[in-house]
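Below is one structure, written out as structure tokens; comments come after it.
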Amino acid sequence: MAEVTGILAAAGVNITALALADTSEFGILRLIVDKTEEAKDALKARGFTVAPTQVVAVEVKHAAGGLHAILTILKNRKINVEYMYCYPFPGNEAVMIFRFDRPELALEELVSHRIRVFSKEDLRL
């Protein structure tokens with residue numbers, strides 16, 4: 001992690017959210033950064049495998065059942081969540097970062113149910 005954060009710091013890239021998972025053979029670091037291309041170029045230049053993916057930032061009501069309500073909408077349309085993690089955001093609600101198997105359909109469903117979906121600008125990146 002220190003190597004990755006050092007590379008990004010030297011490239012002037014700010015990490016705003018991350019999730020780290022590992023196996024016995026390799027690790028997966030998922031990052032939300034303010035300068036995607038600069039991060040990708042800097043990490044690739046140092047030998048890291050980089051694969052940008054489309055994720056969706058969604059407001060989750062900060063109350064019992066808030067996440068369940070969103071997951072139920074997705075389940076009813078057979079949209080799978082490949083992974084998710086939280087994003088630090090000031091205010092009364094939570095923000096969850098999702099990777100869906102069908103992101104376009106997920107966006108359509110969330111918006112049709114009046115679930116707030118954040119843009120990059122909303123998240124101040």
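Take Lys61 and tell me if it is touching a strand residue (DSSP E or B) at 6+ places or on another chain (Cβ under 9 Å) and not assigned by TED's automatic domain parsing to the domain that holds Leu31.
Values: touching a strand residue (DSSP E or B) at 6+ places or on another chain (Cβ under 9 Å): yes; not assigned by TED's automatic domain parsing to the domain that holds Leu31: yes.
Yes, satisfied.
What number of residues within segment 72-91 are over 16 Å from Glu104 (Cα atoms) and modelled with pLDDT of 95 or more?
The number of residues fulfilling the criteria is 1.
Taking segment 19-34, which residues are of a type outside the set (Gly, Ala, Ser) and in contact (Cβ under 8 Å) with a residue 40 or more places away in the chain?
Within segment 19-34, Arg30, Ile32, Val33, Asp34 meet the criteria.
Evaluate the following for Ile97: is it surrounded by 16 or more Cβ atoms within 10 Å (Cβ to Cβ), more than 14 Å from the chain's Cα centre (by Cα) and closer than 24 Å to Ser119 by Cβ? Walk me through how you get there before you give the answer.
Values: surrounded by 16 or more Cβ atoms within 10 Å (Cβ to Cβ): yes; more than 14 Å from the chain's Cα centre (by Cα): no; closer than 24 Å to Ser119 by Cβ: yes.
Here the answer is no, as Ile97 does not meet what is asked.
Can you name the residue in segment 1-37 that is among the charged types (D, E, K, R) and under 18 Å from Glu121 (Cα atoms) and, of all such residues, is modelled with the lowest pLDDT?
Taking segment 1-37 first, the residues among the charged types (D, E, K, R) are 3, 22, 25, 30, 34-35, 37.
Checking the rest, the ones that are also under 18 Å from Glu121 (Cα atoms) come to 34-35, 37.
On the way: Asp34: 89, Lys35: 92, Glu37: 94.
In this case the residue turns out to be Asp34.
The values are calculated or read from the model by the stated rules, or taken from the named source; none is laboratory data. The structure displayed is predicted, hence computed values, not measured ones. Neighbour counts are summed over all protein chains in view; Cβ atoms, including those assigned to glycine, are modelled from backbone coordinates with ideal geometry.
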